[in-house]
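K.L.:
Submitted below is the structure of interest, expressed as structure tokens.
The values are calculated or read from the model by the stated rules, or taken from the named source; none is laboratory data. The structure displayed is predicted, hence computed values, not measured ones. Cβ placement follows ideal geometry from the backbone for every residue including glycine, while neighbour counts extend to all protein chains displayed. The area values use the complete protein model at the heavy-atom level, side chains included, leaving out ligands, DNA and RNA. Shrake-Rupley method; radii C 1.70, N 1.55, O 1.52, S 1.80 Å.
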Amino acid sequence: RKRYKNCTMAIDDIALTLVPGLGVKGVVHLLEVFGTAQAIFAASADELAGRAEWRPDVARSIAARKSHPEAERELRHCRRHGITPLASTDDAYPALLREIPDYPHVLYIKGNAEVLSQRCLSMVGTRRISTYGQRLCDELVRGLTRIPQVVVVSGLAFGVDVACHRAALAAGIPTVGVLANPLPDVTPAQHTSVALDMIERGGALISELHSQSKQRGTFYLARNRIIAGLSAGTVVIESPASGGSLATAHYADGYDRTVMAPPGRTTDANSFGTNSLIRNRKALLIRSADDIAEELQWEFALSRDEKTAPASTPELTAEEREGLSLLGDEPRTLAELIAASGRDYAALSVLLMGLELSQAVRQLPGNRYERFR
């Protein structure tokens with residue numbers, strides 16, 4: 001539909017989300033009964049109360065079209081700021097998101113709405129990203145470039161979220177930020193320049209919140225359901241024992257979407273959550289973007305040459321090559337490596353993480369390390 005040339009439909013859609021006492025699931029229920037926002041507003045209060053079994057006071061409010069003046073103000077706000085409202089009954093609405101039971105009827109979009117219907121992958125994690133987490137973001141996203149029409153979805157928060165957005169920009173992959181605030185603002189404001197780059201390079205910013213939403217910092221959990229619902233799969237990069245990324249994983253699991261996580265050291269607080277997801281069979285263990293493609297059955301999209309080509313060995317830094325030289329034919333303990341390298345525990349641990357991610361070494365039981373055969 002032409003959203004601004006046929007304003008009645010756009011206003012009806014927005015007005016439906018502004019009816020007091022209705023809520024997201026109430027809107028979904030009415031749409032299941034009547035089909036479209038236009039049909040809902042064409043119904044009488046008795047029909048709304050009878051067919052939809054809705055409260056009489058809310059039914060009367062809908063029939064009286066009390067929310068339409070606010071919807072007209074919202075549409076003017078959208079025009080002023082270059083925001084596109086997209087209703088769930090529109091053909092352009094992302095099909096995967098429409099499958100969840102609590103989908104937002106109206107999405108507000110800045111940027112390219114078409115990417116929402118491509119191969120979306122959500123990538124989330126802790127705000128306190130580690131060196132290990134940063135490297136995972138970079139390497140996993142870079143590996144996705146072989147998959148046609150792939151899109152990285154995250155929440156533009158500090159830590160893993162913005163690291164994944166930046167990695168996608170660096171790799172030339174469109175990326176979508178799902179915000180817990182109304183557009184055109186960006187929260188946190190420090191990520192405004194990243195958000196603008198995302199739009200300029202074919203991605204988008206989206207929110208279910210209209211400009212008249214009261215900001216109480218309570219929309220983050222609700223936002224996480226959209227991150228999970230947009231995508232065929234969700235990757236939790238790093239997470240402590242609790243946090244918003246685990247809530248996103250919980251939503252994704254409840255929506256029958258694939259949840260994935262790379263393992264971390266059992267002693268690292270940032271890996272407690274991801275390791276628990278794997279341990280409790282709530283997430284599939286992944287090591288690379290190829291694992292993601294296989295789990296989501298996206299490998300069919302790769303060309304025959306890409307499928308059969310051997311995986312390239314990541315280029316090691318001079319420091320990593322020096323660390324690798326410490327390992328001979330037999331495994332060595334961490335204590336032996338510290339003594340041989342002259343490095344302290346923290347510095348050597350970071351170096352070994354990098355070598356593990358490059359699949360040059362692997363950790364064995366007893367805190368021992370060996371070269372990959």
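K.L.:
Can you tell me how the range 157-215 classifies by the Cα gyration tensor, rounded, prolate or oblate, using a/c under 1.5 as the rounded cut? List each step's numbers first, then the result.
P.N.:
Details: a/c = 2.39, a/b = 1.77, b/c = 1.35.
Note, shape of the range 157-215 comes out prolate.
K.L.:
Kindly express, to the nearest 10 degrees and within the range 0 to 90, the angle between helix 131-143's C-alpha long axis and the longest C-alpha principal axis of the chain.
P.N.:
With rounding to tens, the tilt is 70 degrees.
K.L.:
Apply the a/c threshold of 1.5 to the C-alpha gyration tensor of the range 4-74 and tell me whether it is rounded, prolate or oblate. List each step's numbers first, then the result.
P.N.:
On the way: a/c = 1.75, a/b = 1.54, b/c = 1.14.
It is prolate, given that a/c is not under 1.5 and a/b is the larger ratio.
K.L.:
Taking only C-alpha pairs under 8 Å that are 6+ residues apart, what is the relative contact order of the range 79-167 in percent?
P.N.:
Values: 107 pairs, mean separation 24.7, N = 89.
After rounding, I find 28 percent.
K.L.:
Oh, and also: Between the range 46-86 and the range 198-264, how far is it from one alpha carbon centroid to the other, in angstrom?
P.N.:
Computed from Cα coordinates, the inter-centre distance equals 27 Å.
K.L.:
Taking only protein heavy atoms and a 1.4 Å probe, what accessible area per residue, in Å², does the range 135-238 have with all protein chains in place?
P.N.:
Working: 3490 Å² over 104 residues.
Value for the range 135-238: 34 Å² per residue.
K.L.:
Taking a ≥ b ≥ c as the square roots of the Cα gyration tensor eigenvalues, with a/c under 1.5 meaning rounded and otherwise prolate when a/b beats b/c, else oblate, which class fits the range 66-225?
P.N.:
Since a/c reaches 1.5 and a/b is larger than b/c, the shape of the range 66-225 is classed as prolate.
K.L.:
How much length, in nm to one decimal, is gained on full extension between Ala171 and His68, taken as 0.36 nm per residue of separation minus their Cα-Cα distance? Provide the component values of the computation, followed by the final result.
P.N.:
Numbers: separation 103, 0.36 × 103 = 37.08 nm, distance 4.35 nm.
Fully extending the segment from Ala171 to His68 adds 32.7 nm.
K.L.:
Shifting gears a bit: Leaving out ligands and nucleic acids, and using a 1.4 Å probe, what accessible area per residue does the range 1-117 come to in Å²? Please report the intermediate quantities before stating the final value.
P.N.:
On the way: 5510 Å² over 117 residues.
In whole numbers, the range 1-117 has 47 Å² accessible per residue.
K.L.:
As I understand it, the dipole of the chain uses +1 on the Cβ of Lys and Arg and -1 on the Cβ of Asp and Glu, about the Cα centre. Which of Ser193, Val160, Val235 lies farthest toward its positive end?
P.N.:
Toward the positive end, the furthest listed residue is Ser193.
K.L.:
R0 = 30 Å: FRET efficiency of Arg79 with Ser44, Cβ-based, nearest 0.05?
P.N.:
My answer for the efficiency is 0.40.
K.L.:
Going by average Cβ density within 10 Å per residue, which order do the peptides 155-167, 67-79, 334-346 take, highest to lowest?
P.N.:
On the way: 155-167: 24.2, 67-79: 18.0, 334-346: 13.2.
Put in order of decreasing packing, that is 155-167, 67-79, 334-346.
K.L.:
Over what distance in Å are the Cα centres of the range 315-356 and the range 153-184 separated?
P.N.:
If we compute the Cα centre of each part, the gap is 33 Å.
K.L.:
Separate question: Please tell me the relative contact order of the range 13-78 in percent, rounded to the nearest whole number, where contacts are Cα pairs under 8 Å and at least six residues apart. It would help to have the intermediate numbers written out before the result.
P.N.:
Values: 56 pairs, mean separation 26.5, N = 66.
Averaging sequence separation for qualifying contacts and normalising by length gives 40 percent for the range 13-78.
K.L.:
Using the per-residue mean of other Cβ atoms lying within 10 Å as a proxy for protection, in what order, highest first, do the peptides 205-211, 356-362, 245-251 fall? Present the calculation step by step, with values, prior to reporting the outcome.
P.N.:
Working: 205-211: 22.9, 356-362: 18.3, 245-251: 24.9.
Descending mean neighbour count gives 245-251, 205-211, 356-362.
K.L.:
Would you calculate a helix-derived [θ] at 222 nm for the chain, using -39,500 (n - 2.57) for each DSSP H run of n ≥ 4 and dividing by the full residue count, to the nearest 500?
P.N.:
On the way: 18 runs with 166 residues, N = 373.
Counting only the DSSP helices, I get -12500 deg cm²/dmol.
K.L.:
At 7 Å along Cα-to-Cβ for each site, give me the label-to-label distance between Arg60 and Ala222 in nm.
P.N.:
Between Arg60 and Ala222, the simple spin-label model gives 2.6 nm.
K.L.:
So for the pair Gln359, Arg281, with labels modelled 7 Å out along Cα→Cβ, what separation do we get in nm?
P.N.:
My value for the distance between the label points is 2.7 nm.
K.L.:
Follow-up. Could the peptides 185-196, 274-285, 119-130 be put in order, highest first, of the mean number of other beta-carbon atoms found within 10 Å of their residues? Working shown, then result.
P.N.:
Details: 185-196: 15.5, 274-285: 17.8, 119-130: 24.7.
The densest-packed peptide leads the list: 119-130, 274-285, 185-196.
K.L.:
Pop the C-beta distance of Glu315 and Ala335 into the FRET formula with R0 = 25 Å and round what comes out to the nearest 0.05. Working shown, then result.
P.N.:
Working: r = 29 Å, r/R0 = 1.16.
The computed FRET efficiency comes out at 0.30.
K.L.:
Could I ask something else about it? Calculate what fraction, in whole %, of the accessible area of the chain sits on carbon and sulfur atoms when a 1.4 Å probe is rolled over the protein chains.
P.N.:
Details: 8800 of 17630 Å².
Exposed carbon and sulfur together represent 50 percent of the surface.
K.L.:
Taking the Cβ-Cβ separation of Lys25 and Asp185 as r and a Förster radius of 25 Å, what is the calculated FRET efficiency to the nearest 0.05?
P.N.:
Working: r = 26 Å, r/R0 = 1.06.
FRET efficiency, Lys25 to Asp185: 0.40.
K.L.:
Please tell me which of these pairs span more than 24 angstrom C-alpha to C-alpha: Lys66/Lys110; Lys25/Lys282; Lys25/Lys66?
P.N.:
Values: Lys66/Lys110 28 Å; Lys25/Lys282 26 Å; Lys25/Lys66 20 Å.
Checking Cα-Cα distances, Lys66/Lys110; Lys25/Lys282 exceed 24 Å.
K.L.:
Grab the Cα-Cα distance for Asp197 and Thr266, subtract it from 0.36 nm times how many residues apart they are, and report the gain in nm with one decimal.
P.N.:
On the way: separation 69, 0.36 × 69 = 24.84 nm, distance 3.65 nm.
In short, 21.2 nm is gained.
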